[in-house]
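The values are calculated or read from the model by the stated rules, or taken from the named source; none is laboratory data. Remember, predicted model here, so these are calculated numbers, not experimental data. With ideal geometry, Cβ positions are generated from the backbone for all residues, glycine too; neighbour counts draw on all protein chains shown. The area values use the complete protein model at the heavy-atom level, side chains included, leaving out ligands, DNA and RNA. Shrake-Rupley method; radii C 1.70, N 1.55, O 1.52, S 1.80 Å.
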Amino acid sequence: MAADAVDRLGFLNRTFDRALVIGDVTGTFADHLLAAGGEVVRADPSPELGLAVAEDAPIEGGPFNLIVSLGLLDTVNDLPGALALMRRALAPDALMIASFLAAGCLPTLRKAMLSADADRPAPRVHPQVDVRAAGQLMTRVGYASPVVDGWSFDVKFDDLDQLVGDLRAQAMGNVLADPGPPLGKAALSRARNAFADEADEDGLVRERFEVVTLSGWSPAPRF
């Protein structure tokens with residue numbers, strides 16, 4: 001996501017001297033801006049990673065010429081509200097870019113969980129936004145010249161446990177307030193078998209990750 005955001009800026013004939021970067025845990029995007037001579041404020045829901053931001057509170061330190069959010073907006077309670085708060089923290093005619101996991105992610109895991117739960121499916125994956133809904137949302141929130149597009153990539157895994165381990169290591173587990181009952185031994189066995197049944201000829205299971213990227217400008221002043 002960070003590399004994709006860097007590429008997007010490369011198409012713009014614009015410099016951003018004051019940017020807010022949210023969720024850039026690797027520092028890849030922030031380092032790119034710093035190398036270009038801009039001022040960068042790093043932020044994250046966790047205060048240990050920079051300026052603490054919350055989805056339901058105004059963003060401090062603005063206005064910013066650029067706000068970039070990476071990998072966070074799929075888990076907020078109020079996505080329109082979070083986008084509106086970012087727009088309000090922008091200077092006039094400033095840019096917002098946000099990338100996060102979208103609808104279409106983890107189809108193999110979803111199928112395995114349905115097999116595990118049988119006739120009583122539980123909410124194992126939080127709701128996610130598709131490209132069309134995201135585009136309508138950007139217009140509704142008030143961004144100018146909104147652009148929404150999606151991209152995807154596949155990752156192969158040895159088994160269900162490796163996939164779940166990777167998701168947990170990235171804090172991408174179930175964040176629902178009511179995640180449903182835990183899997184019992186029999187249900188977990190069904191999930192593992194259903195996941196293994198999707199293996200390719202090389203014995204690995206291909207899983208899909210979909211990303212949606214939103215970009216839009218704060219309205220420019222009218223004279």
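If you check 81, 62, which single one turns out to be assigned to a loop (DSSP other than H, G, I, E, B) and not charged (D, E, K, R)?
Working: 81 fails: assigned to a loop (DSSP other than H, G, I, E, B).
Matching residue, one of 81, 62: 62.
Return the residues of the range 147-206 that are at pLDDT 95 or above, of a type outside the set (A, V, I, L, M), in a strand (DSSP E or B) and open to solvent by less than 70 Å² (accessible area, probe 1.4 Å); say none if nothing qualifies.
154, 157
Can you pull out the residues in the range 59-97 that are within 16 Å of residue 19 (Cα to Cα), free of Cβ contacts under 8 Å to residues at least 60 places away in the same chain and of a type outside the set (A, V, I, L, M, F, W, C)?
Within the range 59-97, 60, 61, 62, 63, 65, 69, 88 qualify.
Quick check, is residue 70 over 26 Å from residue 183 (Cα atoms), out of contact with any Leu (no Cβ under 9 Å at 6 or more places or on another chain) and among the hydrophobic types (A, V, I, L, M, F, W, C)?
Yes: the conditions hold for residue 70.
Pull up the range 111-122, narrow it to residues that are surrounded by fewer than 14 Cβ atoms within 10 Å (Cβ to Cβ) and of a type outside the set (Gly, Ala, Ser), then point me to the one that is nearest to residue 153 (Cα to Cα). Outline the logic, then answer.
Filtering the range 111-122 down to residues surrounded by fewer than 14 Cβ atoms within 10 Å (Cβ to Cβ) leaves 118-121.
Next, from what is left, pick out any that are of a type outside the set (Gly, Ala, Ser): 119-121.
Working: 119: 31, 120: 31, 121: 27 Å.
Here the answer is 121.
Between 21, 25, which is without any contact (Cβ under 8 Å) to a residue 60 or more places away in the chain, β-branched (Val, Ile, Thr) and in a strand (DSSP E or B)?
Just one listed residue meets the conditions, 21.
Hey, does the range 50-65 have a residue that's closer than 24 Å to residue 135 by Cβ, of a type outside the set (Gly, Ala, Ser), out of contact with any strand residue (DSSP E or B) (no Cβ under 8 Å at 6 or more places or on another chain) and surrounded by 13 or more Cβ atoms within 10 Å (Cβ to Cβ)?
Checking the range 50-65: at least one residue is closer than 24 Å to residue 135 by Cβ, of a type outside the set (Gly, Ala, Ser), out of contact with any strand residue (DSSP E or B) (no Cβ under 8 Å at 6 or more places or on another chain) and surrounded by 13 or more Cβ atoms within 10 Å (Cβ to Cβ).
Applying the selection to the range 80-91, what residues are under 18 Å from residue 130 (Cβ atoms) and surrounded by 20 or more Cβ atoms within 10 Å (Cβ to Cβ)?
82, 83
Every residue in the range 3-17 that is within 22 Å of the chain's Cα centre (by Cα), hydrophobic (A, V, I, L, M, F, W, C) and surrounded by 14 or more Cβ atoms within 10 Å (Cβ to Cβ), please.
Passing the criteria: 5, 6, 9.
Looking at this structure, is residue 96 at pLDDT 90 or above, outside any strand (DSSP E or B), crowded, with 21+ Cβ neighbours inside 10 Å and in contact with a strand residue (DSSP E or B) (Cβ under 7 Å, 6 or more places away or on another chain)?
It is false that residue 96 is at pLDDT 90 or above, outside any strand (DSSP E or B), crowded, with 21+ Cβ neighbours inside 10 Å and in contact with a strand residue (DSSP E or B) (Cβ under 7 Å, 6 or more places away or on another chain).
Can you name the number of the only condition in (1) more than 16 Å from the chain's Cα centre (by Cα); (2) modelled with pLDDT of 95 or more; (3) surrounded by 21 or more Cβ atoms within 10 Å (Cβ to Cβ) that residue 108 fails?
(3)
Just to be sure I understand the filter: pairs with C-beta atoms under 8 Å, separated by 6 or more residues or on different chains, first member in the range 158-186 and within 17 Å of residue 118 (Cβ to Cβ), second member among the small types (Gly, Ala, Ser) and surrounded by 15 or more Cβ atoms within 10 Å (Cβ to Cβ). Which pairs pass?
Here the result reads 160/112; 160/191; 180/122; 181/122; 183/116; 183/191, each pair linking the range 158-186 to a residue that is among the small types (Gly, Ala, Ser) and surrounded by 15 or more Cβ atoms within 10 Å (Cβ to Cβ).
When you scan the range 130-146, how many residues do you find that are open to solvent by 40 Å² or more (accessible area, probe 1.4 Å) and in contact (Cβ under 8 Å) with a residue 60 or more places away in the chain?
Residues in the range 130-146 being open to solvent by 40 Å² or more (accessible area, probe 1.4 Å) and in contact (Cβ under 8 Å) with a residue 60 or more places away in the chain: 5 in total.
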